[in-house]
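Participant: Dropping the structure in here first, questions after.
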Amino acid sequence: MKTLSVGNANVDLLLYVEEPPACGAQVEACLFEKRPGGAASNFAVAAAKLGVSSSILCCVGSDSEGDWLLRELEACGVETSLVAHVEAPTGFVVIVVDKRGERSMIAFRGANALLAQAVRSLNSSLKADWVHVASVKPDTAEAALAIAKSLGCNTSYDPGSLVAKVGLRQLEDVFRFVDVLFLNEFEAATLMAVDYEEMDHVFEKVPVTVVKMGSKGSRAAAEGCWIEAPAFPVEAVDTTGAGDAFDAGFVFAYASGLSLREALIFANACGALKVTRRGSQASPSLSEVINFLKERGFEALASKLLMSSESFNRKAMDR
C-alpha cells in the first residue's frame, strides 16, 4: 500500500508544564523538546511505522530547519521527493503540554502558507493508493483531493479545528472527493453549531465519517448507520499527534480489508499508544499495536489484521 499525505510540516517546540499559564501569568516548564510535527507529517510517519510505503507533499523553507525536518522524515522511512522548498521560513508550533497530557498550541504557518502552489505540481505521475489531506484549507484540499480521485486513489480528509470553523457550506465542494472524513468531537460539534440542519448532508456526500472521541473511543457513520468502538484506558503523557496516529491506523486497517468496527478498534489502539509517549510523531509500529491488541483480548483481530495487511501489501507490490 502506498500513501501520500498532503498538508503541514512544522518544527514543534514543546513545553511540558504542570498547568498552562493564565492570561498575564508566568509558569516554569519542567521539560523542553524540539521535535518534528505538522498533521500531514505526523500522518506520514505514523503510516510508515505501520509498514506502509509513505510519502508527503508539503512545503518547508530553504533554511536549516527545513533541512532538519526532511532528515527526520526520511529517517522514519517517509519519501520526500514531493516536498517543495520555498522562500519562506519553515513553519513552527509552540505546544504547551500539561500534567494530564492535554496541549495548547500556537502555530506560525510560514512555508505551509504556500502549500497551494505545491499542490498544483501533482499530476498523472502521482503513485499512491490512498491520499490523505490534513489541516488544509477547503480550496487547497479540494484541488489535491480532486486530482487524487481523478487518478483512481482512495482519499481521506481531516480538516482540523480551524477549518471546521468555516462551516459545512464552505466544505461541501471538498466532500465530493472524500471517501473518509475524520473529525474529532470538538470539530463535529463546531460544524453542527454552525450549520446544524445541514449536518446530515455530510453523511449523504461522504461514504464514511469518523468521529474521534479521545478517552470515549470513536464512532463512524456509513450507509446511514453509526458504529462505535471503545477506547483503551491508558495514562496520557502527551496527546499531541494522537489524532494523526488514529487517522493513519484507520486508513491502514480499513484499506487492508478490515470491517469498519475493526478499523476503529485498531485506530483507537494506535491513538492510545501514541498518547503514552512524548512528541507528535511517537506513533507505534505495527508489531507494537498487534501486541497491544493481543494483551487486551483482541487476539483474533490482531491475527486478522496481520494476515490482511500482508495480503494487501503483496497485491500493491504486484501492481
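FYI, it's all coordinate maths here, none of it is from the lab. Owing to the predicted nature of the structure, the values given are computational and were not obtained by experimental measurement. Cβ placement follows ideal geometry from the backbone for every residue including glycine, while neighbour counts extend to all protein chains displayed.
Participant: By DSSP, what percent of the beta bridges with both residues in the chain are antiparallel, rounded to the nearest 5? Don't skip to the answer; put the middle values down first.
Facilitator: Values: 23 of 56 bridges.
For the chain, the DSSP antiparallel bridge percentage is about 40.
Participant: Further question: Using 0.36 nm per residue of separation minus the Cα-Cα distance, give me the extension gain between TRP226 and GLU172 in nm, one decimal.
Facilitator: Numbers: separation 54, 0.36 × 54 = 19.44 nm, distance 2.12 nm.
17.3 nm is the gain from fully extending TRP226 to GLU172.
Participant: Subtracting the Cα-Cα distance from 0.36 nm times the residue separation, let me have the gained length for ASP139 to ARG100 in nm, one decimal. Display every interim value, and only then the final one.
Facilitator: Numbers: separation 39, 0.36 × 39 = 14.04 nm, distance 3.58 nm.
Result: 10.5 nm gained on full extension.
Participant: Of all the Cα-Cα pairs you can form in the chain, what percent are over 25 Å apart? Intermediate values should be presented prior to the final figure.
Facilitator: Numbers: 23955 of 50721 pairs.
For the chain, the share of Cα pairs beyond 25 Å comes to 47 percent.
Participant: Which order, highest average first, do 80-93, 224-237 follow once you tally other Cβ atoms within 10 Å for each residue and take the mean per peptide?
Facilitator: Working: 80-93: 18.0, 224-237: 14.0.
Ranked by mean Cβ neighbours within 10 Å, highest first: 80-93, 224-237.
Participant: At a Förster distance of 51 Å, what's the computed FRET efficiency of ASN291 paired with ASN123, Cβ-Cβ distance as r, to 0.05? Could you put the intermediate results ahead of the total?
Facilitator: On the way: r = 41 Å, r/R0 = 0.80.
Plugging the Cβ-Cβ distance into 1/(1 + (r/R0)^6) gives 0.80.
Participant: Continuing with this model, one more query. Place the peptides 152-162, 10-20 in order of packing, highest mean first, counting for every residue the other Cβ atoms within 10 Å and averaging per peptide. If you can, show how the numbers build up before the last one.
Facilitator: Details: 152-162: 21.2, 10-20: 18.7.
Most protected by this proxy first, the peptides run 152-162, 10-20.
Participant: A further question on this structure: Calculate the spin-label point distance for VAL17 paired with THR276, positioning each point 7 Å from the Cα along the beta-carbon direction, and give it in nanometres.
Facilitator: In this crude label model, THR276 to VAL17 measures out at 2.8 nm.
Participant: Once the piece of chain linking ALA300 and PHE186 is laid out straight, how much longer is it, given 0.36 nm per residue of separation minus the C-alpha distance between them? It would help to have the intermediate numbers written out before the result.
Facilitator: Numbers: separation 114, 0.36 × 114 = 41.04 nm, distance 3.27 nm.
Stretched out fully, the ALA300 to PHE186 stretch lengthens by 37.8 nm.
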